[in-house]
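J.: Before I ask anything, let me first share the structure, which is written out below as structure tokens.
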Amino acid sequence: MIQPDGEVFGLDFNGAQITTARTMDPSIDWWEGDAGALPYAGGEFDLVVCQQGF
């Protein structure tokens with residue numbers, strides 16, 4: 001569960017996927033980028049979930 005003051009971020013390498021994701025859940029802060037080069041400093045997140053599909 002997300003706490004009332006919590007934030008959710010989403011990341012995908014594929015810009016088209018981000019566009020689709022934004023329409024499905026605009027409450028999430030979606031970013032296009034590479035998971036190997038995250039634009040966040042260490043210690044910024046309480047929980048990270050990674051899912052990859054082929």
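The values are calculated or read from the model by the stated rules, or taken from the named source; none is laboratory data. This one's a predicted model, so the numbers in the text were calculated from it and none came from an experiment. Quick reminder, even Gly has a Cβ in these numbers, built from the backbone with ideal geometry, and neighbours come from all protein chains shown.
J.: Quick check on this structure: which one of GLU7, GLU44 is modelled with pLDDT of 90 or more, among the acidic types (Asp, Glu) and not in a helix (DSSP H, G or I)?
T.: Step by step, each of GLU7, GLU44 is checked, and only GLU7 is modelled with pLDDT of 90 or more, among the acidic types (Asp, Glu) and not in a helix (DSSP H, G or I).
J.: Does region 10-25 hold any residues that are assigned to a loop (DSSP other than H, G, I, E, B) and hydrophobic (A, V, I, L, M, F, W, C), and which are they?
T.: Residue satisfying the conditions is PHE13 alone.
J.: I've got another one for you. For residues that are of a type in the set (A, V, I, L, M) and in contact with a strand residue (DSSP E or B) (Cβ under 8 Å, 6 or more places away or on another chain), scanning just region 1-25, find the one that is nearest to GLN52 (Cα to Cα).
T.: Once the filter is applied, the top-ranked residue is LEU11.
J.: Sticking with this structure for a sec: Write out, first by first residue and then by second, each pair whose Cβ atoms fall under 9 Å of each other, whose residues are 6+ apart or on separate chains, and whose first residue, in region 35-52, is under 16 Å from MET1 (Cβ atoms) while the second is not in a loop (DSSP other than H, G, I, E, B).
T.: Sorted first by the residue in region 35-52, then by its partner, the pairs are PHE45/PHE9.
J.: In region 26-36, what residues are closer than 19 Å to GLN52 by Cα, in a loop (DSSP other than H, G, I, E, B) and out of contact with any strand residue (DSSP E or B) (no Cβ under 6 Å at 6 or more places or on another chain)?
T.: If the condition is that a residue be closer than 19 Å to GLN52 by Cα, in a loop (DSSP other than H, G, I, E, B) and out of contact with any strand residue (DSSP E or B) (no Cβ under 6 Å at 6 or more places or on another chain), then ASP34 is the only one that fits.
J.: Separate question: What are the pairs, 6+ residues apart or on separate chains, where a residue within region 1-24 that is more than 19 Å from ALA35 (Cα to Cα) has its Cβ under 9 Å from a residue that is among the β-branched types (Val, Ile, Thr)?
T.: If the second residue must be among the β-branched types (Val, Ile, Thr), the pairs left are ILE2/VAL8.
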